[in-house]
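A short reminder: the numbers here are calculations on the coordinates, not readings from a lab. Keep in mind that what you see is a predicted model, and the values were worked out from it rather than measured. FYI the Cβ positions are ideal-geometry reconstructions off the backbone, even for glycines, and counts take in every protein chain you see.
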Ligand SMILES: Cc1cc2nc3c(=O)[nH]c(=O)nc-3n(C[C@H](O)[C@H](O)[C@H](O)COP(=O)(O)O)c2cc1C
């Protein structure tokens, strides 16, 4: 093989290599967009399962608030999705991950209605033991539906524990650690809501107003360019 042939083969191989890399990265960018969109849609349908769509008139996902209150919420980072209706607070859905499941963190959604009454709870993901701790999953048992309509006065805040600890909520046969962690986490969310919901509302109104006020300015700048 002459030097010229070697050079030509090298160039052809190099070109295909570059084209391949470009194709892979373009597909990756496109796929990432589709995955993000699907994740958003899936989260939105979970939120609407807890807070029916007709009860809110804002975009639930537009301005989630990041709550950094590990002590009061028992989780390092929690997101609050604010559901509004006619400029009043209709519901807040807290997306939180508690670290103290039996086998690892438990990621859940806790929906609290305007009056501080639970609209529902869903476990989004967990690593609890199949047949023991996994009854927190709606597909496995109805246990999680037992929180619907509950609040800090029903049962009394002192009874927000599993029955084994003198409270009102069932544990599972041979598995107390998982339900204990969840009951405690929901109690913390309700207390947090009770103490902070006005502040959350103010923050939401301030932040969402700031964004909507900045949008036309940006649009104007784009129009001029
Ligand atoms: C292999 C194995 C897996 C277990 N998985 C769980 C679990 O997912 N959730 C849970 O609450 N307990 C689980 N347990 C049981 C706990 O170790 C504990 O005995 C039970 O939750 C009762 O807790 P208590 O003594 O605080 O009431 C598991 C036990 C074993 C041996």
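Observations on the model:
- Where labels lie 7 Å past Cα in the beta-carbon direction, separation of residue 31 and residue 77 in nm: 2.4 nm
- Here the spin labels are modelled as points 7 Å beyond Cα on the Cα-Cβ line, and at residue 211 and residue 24 they lie 3.5 nm apart.
- The chain: angle of helix 177-224 to the longest principal axis, Cα-based, in degrees nearest 10: 50 degrees
- What the Cα convex hull of the stretch 55-211 gives, in volume per residue, is 107 Å³.
- Using alpha-carbon coordinates, inclination of helix 3-50 to the longest axis of the chain, degrees: 20 degrees
- Spacing of the modelled spin labels on residue 69 and residue 8, each 7 Å from Cα toward Cβ, amounts to 7.3 nm.
- Note on residue 176/residue 54: beta-carbon distance plugged into 1/(1 + (r/R0)^6) with R0 of 41 Å gives a FRET efficiency of 0.60.
- Fully extending the segment from residue 86 to residue 164, taken as 0.36 nm per residue of separation minus the present Cα-Cα distance, adds 23.8 nm.
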